[in-house]
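The values are calculated or read from the model by the stated rules, or taken from the named source; none is laboratory data. Keep in mind the model is a prediction, meaning the values are calculated, not measured. Cβ sites come from the backbone with ideal geometry, for glycine too, and all protein chains shown count toward neighbours.
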Amino acid sequence: MVFAAYSRAMDWLHRLCLVICGLSLLVISLVIPWGVYARYVMGRGSHWPEPLSILLMIVLSFLSAALCYRDNLHIGVMVLPNHLQGGARMALGWLVELCMLATNLFMLVWGLALVQTTWNQTISEFPIVSVGLSYLPIPVGGTITILFLIERLWAGRFFEKADEGTITAAPIE
């Protein structure tokens with residue numbers, strides 16, 4: 001019962017991250033052509049499209065990394081897990097997930113320290129935006145991945161293949 005509620009909450013978080021990533025990609029796709037148009041057609045470039053796109057790409061990168069982790073679309077070498085069975089495979093699964101936990105705790109702790117250190121600095125192109133805000137996706141992405149990791153550990157789902165609905169049908173040749 002508790003796991004089902006937690007899993008539903010992670011489904012909601014997953015959808016929220018998808019929406020934020022989609023909106024980030026949409027805005028990037030709109031402002032980059034504007035920057036090109038302003039520079040080459042109007043003869044004077046806008047100073048904001050490139051830094052805005054960079055900030056949104058940072059958001060997109062860290063949130064989509066968490067999404068890929070939950071959907072089992074991350075890079076994984078399956079040679080060793082495919083040759084193990086039973087307890088050895090389960091132990092390796094726990095080891096891998098504990099390494100993921102350590103990595104994301106590092107992102108959370110040191111990412112927050114980076115945000116706090118740079119909070120009072122401003123981005124020159126956007127004087128009202130804190131540099132710390134630009135680093136905020138690091139601890140946020142780490143936290144979201146930890147939440148997805150807790151779900152995976154709780155369910156005991158190690159080395160699962162990605163759902164066929166999330167993979168494109170493009171050949172990998």
Legend entry - Candidate set: the range 77-102, residues that are over 19 Å from residue 154 (Cβ atoms) and surrounded by 13 or more Cβ atoms within 10 Å (Cβ to Cβ); chosen: the one nearest to the chain's Cα centre (by Cα): 81
Legend entry - Where a residue in the range 26-51 is on the phi < 0 side of the Ramachandran plot and its partner, wherever it lies, is of a type in the set (S, T, N, Q) and part of a loop (DSSP other than H, G, I, E, B), with Cβ under 6 Å and at least six apart: 35/46; 38/46
Inset, instruction - Give just the number: which of (1) aromatic (Phe, Trp, Tyr); (2) at pLDDT 95 or above; (3) surrounded by 14 or more Cβ atoms within 10 Å (Cβ to Cβ) does residue 106 not satisfy? - result: (3)
Inset, instruction - Report, ordered by the first and then the second residue, all pairs with beta carbons closer than 8 Å, sequence separation of six or more or different chains, a first member in the range 1-19 that is more than 14 Å from residue 71 (Cα to Cα), and a second member that is loosely packed, with under 12 Cβ neighbours inside 10 Å. - result: none
Inset, instruction - From the list 173, 151, 160, 164, pick out the single residue that is at pLDDT 90 or above and acidic (Asp, Glu). - result: 151
Legend entry - Extreme residue, farthest from the chain's Cα centre (by Cα), among residues of the range 30-72 that are polar (S, T, N, Q) and more than 23 Å from residue 136 (Cβ to Cβ): 46
Inset, instruction - May I ask you to list the residues in the range 39-90 that are over 21 Å from residue 104 (Cα atoms) and among the small types (Gly, Ala, Ser)? - result: 43, 45, 46, 53, 86, 87, 88
Inset, instruction - Go through (1) within 30 Å of residue 8 (Cα to Cα); (2) surrounded by 14 or more Cβ atoms within 10 Å (Cβ to Cβ) and name the single condition residue 129 misses. - result: (1)
Inset, instruction - Please note which helices (runs of 4 or more DSSP H) are completely contained in the range 77-161 and include at least 1 residues that are touching an Asp or Glu at 6+ places or on another chain (Cβ under 9 Å). - result: 137-155
Inset, instruction - Determine whether residue 120 is closer than 19 Å to residue 62 by Cα and either free of Cβ contacts under 8 Å to residues at least 24 places away in the same chain or surrounded by 12 or more Cβ atoms within 10 Å (Cβ to Cβ) (or both). - result: no
Legend entry - Matching residues, the range 64-76, being out of contact with any Leu (no Cβ under 9 Å at 6 or more places or on another chain), of a type outside the set (D, E, K, R) and assigned to a loop (DSSP other than H, G, I, E, B): 72, 74, 75, 76
